[in-house]
1. State the answer as a single residue: which of 535, 357, 243 lies farthest towards the positive end of the charge dipole of the chain, with beta carbon charges of +1 for Lys and Arg and -1 for Asp and Glu, about the Cα centre.
2. If the limit is 18 Å between Cα atoms, which of 132/514; 15/192; 125/468 go over it?
3. Mind jotting down a quarter of the surface of the convex hull over the alpha carbons of the range 16-267, in square nanometres, one decimal?
4. Stick to the Cα atoms of the range 217-285, pair each with every other, and give me the Kirkwood hydrodynamic radius in Å at one decimal.
5. Provide the net charge surrounding residue 520, with neighbours chosen by a C-beta distance below 11 Å and charges set as Lys +1, Arg +1, Asp -1, Glu -1.
6. Just to be sure I follow: if Rg is taken over the C-alpha atoms of the range 1-135 and Rh is the Kirkwood radius over the same atoms, what is Rg/Rh?
7. Roughly how big is the chain's charge dipole about its Cα centre, with Cβ charges of +1 (Lys, Arg) and -1 (Asp, Glu), in debye to the nearest 20?
8. Could you pull out every residue, at least 5 positions away or on a different chain, whose amide H is within less than 5 Å of the one on residue 297? Hs are placed 1.01 Å off N in the peptide plane, and Pro or chain starts have none.
Amino acid sequence: MIPADPSLASGQDDKVRLITLDNPPVNALSFAYCAKLYQAIEAAHADDSVEAIVFTGANGLFSGGADVNDFNNEPPAGAITIRDVIRALELSVKPHIAAIDGVALGGGLELALACDYRIATPRSKLGLPEIKLGLLPGAGGTQRLPRLIGARAGLEFMLKGSGVPAARVLELGILDEIVDGNVIERAISLAKEVPPKRRISALQATIAPEVPMQAAPFVVAQAHKMVPPEENGGFAAHKLIDAVQAAVELPFAFGVAREARLFDELVRSEPSLALRHIFFAERELSKVPGLEPALPLAVAKAGVVGAGTMGSGIAITFAQSGVPVAVVDTNEEAVDKARQTVMGMFMYQVQKGRLTQEEAWQRGQSITFTDDWSELADADLVVEAVFEDLDVKREVFAKLDGIVKPAGLLASNTSTLDIDAMAAATKRPEKVFGMHFFVPANIMPLLEIVRGRATSAQTLATAFAIGKTLKKKAVLAGNAFGFIGNRMVFDYVREAFALAEEGTAPARVDAVLKVFGFPMGPFAMSDLSGLDIGLHVQKLQGKSGRGRTNVLEQLVEQKRLGQKAMAGFFKYDKAVGKGREPIADPVVEQLFAQEARKAGVAPRVVTDREIRGRLLYALINRGAYLLEEGVALRPGDVDIVYVYGYGFPPHHGGPMWYADEVGVRRVYERIRDFEATFGPQWKPSALLARIAERDGTLRQAQGDKSGEVTHA
Ligand code: 3H9
């Protein structure tokens, strides 16, 4: 093969031109890259010695799609976009073949759909993930897919948005062939036959096999009903359905024009801006100043101390990521129970078809349950998950220090306590850090990595590496009470309590937050995590944690511990939503009223706007404090914590992004009003004050410290 254009690693084999997408890291189809690509394609089209063209990708993938950074700006005048590239393919009489090895996403897959043939290796994954960015496939995908596989299957594929394994994509009819060997060689040999053109654009879209076209309006109406409302996370989904409807009803050229208009509308929409912020914030997380040179240590074996719910969940997380793990607990009963829970969980996944028997067996085998601490001696990392009590934890750390090999890292799963105090119980404080998982640890994607005063750069680098292995969104937090997430949730719950004490029913508070887009409100969330846990944390917080009444203490005394006890702030009934659906309980409302009277809290009539403001602005204010104090590195880190750990609606981008959406100045003024009405707990953060003064945004402001704080 003769390389014709080194920047595109192109070459020619006889009459076949190979064009390799090569724009590291993910072969994104940026304006700049599309200009080059377009030239290479036009050159191949103009060259009479070329009879067919094969596209493939360098860097271990086909393409990650359009460059998301480009969406923030208007295309420069005369810019070549992916749509121009695709139009060139469409107009050519020469056949094009996509040879896919690795992922082909978004615009990358749309390019492949504009080819006449698509073949892929078994490891490849194909997808149109635009919906996850609040967009729709805007380079012909919404028009070609319904023509290729039917509108219903196409819509499902695009609404799902995730990368689908090649075998399934073949079944769907998007791929022509899966090649176990060299996909480029296979594509070239197919191209040498100069197969006929097969323009998908020339096909008529169908709905689904055996569904008559007259059913289209009904199918479309059903689809609109099945996605979330426009104003609550479904903005792009409804537009996507509109685009697919156009594929069914309109000629291709009109459909493409409709798609482009809808795409342009979405690209500017607030939900898409917020989701794109989340996308990039996620990729920023591990970029910690000063961390670059520190190479992570390998974690070949992990240990967990404590076989409770948390410990078992953490062990499952390691096992399902292929890291063998020893779980140690001195309580034999707890060990037995954990063993049963973990095995039960793996068997459940087999029943659900998510694991094969063999995989479940392997995972089960990679977890050792024991009461023998010496099992931890050769662990590279041990996570402590015992009772939330500093003395107990310090004892565990001292013991681990004597048992675990000197190179081993020691982490605490504490949700509030002082990492430095635990590190001080060891002779290796530089190897100690916090690893705060969220319940259930094997499902929740968030992981707070807490940096102690002595935690070394290498320990942190290892923490981030293991976070990636465990497929978690790992966020760096400074060592302050409650770290990022819980510290913020305390203020949020404080306001929810205050509202209930002033006479607003918990069910109403929760309903307002659900309308905003949270999956549940603060009271249902408290019920889920357990009121006994809430009370324990409140006590750890001291005076600042207490409400004006002792309603929480009373509920715990009455054994109303939350969902697990079928009663907490709400009641639960096995017959309603499998016992997980909160049901308003007048008894609790009366208790709040009675205790508020005793405490001299005056009832207030509040609007939904006030409820929303007090809860969300409490989060924003605390988030700003955490940035100011260096507990959180960047506004985006705070947003990731809230979106992935606490269900903040991603289409609002997280609390800090939302503050910018509303306008920091407005938020700040409102917080000042709350301070005047409710007291010093509402004192605004100096960072907010500074930004408000210059009418700026949080996204321009970075935390000015680096996550190094002492426990406060
Ligand atoms: C689209 O195609 C629209 C079209 O329909 C129509 C247009 C008209 N753009 O995730 P990683 C960066 S919308 C720009 O850590 P991995 C990423 O920020 C697009 N940058 O790697 C990071 O940068 P840095 C639809 C991108 O191996 C680096 O690449 N496509 C893009 O774990 C590595 O990323 C998608 O939504 C992009 N499209 O996973 C796909 N993609 O190193 C989104 C990545 O500076 N991307 N970057 O932090 C992905 O799902 C994953 O990145 C991918 C690689 C699976 C590709």
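The values are calculated or read from the model by the stated rules, or taken from the named source; none is laboratory data. Since we're looking at a predicted model, the values are computed, not measured. Every residue, glycine among them, receives a Cβ derived from its backbone with ideal geometry; neighbour counts consider all protein chains shown. Accessible surface areas use protein heavy atoms only, side chains included; no ligands, DNA or RNA. Shrake-Rupley method; radii C 1.70, N 1.55, O 1.52, S 1.80 Å.
1. Of 535, 357, 243, it is 535.
2. Cα-Cα > 18 Å for 132/514; 125/468; rest within.
3. Computed as one quarter of the Cα hull surface, the answer is 12.9 nm².
4. Working: mean 1/r = 0.0755 Å⁻¹.
Final number for the Kirkwood radius of the range 217-285 is 13.2 Å.
5. For residues surrounding residue 520, the net value is -1.
6. Working: Rg = 14.0 Å, Rh = 14.8 Å.
In the range 1-135, Rg relative to Rh is 0.95.
7. Using Cβ point charges on Lys, Arg, Asp and Glu, the chain gives about 960 debye.
8. Long-range HN contacts for residue 297: 462.
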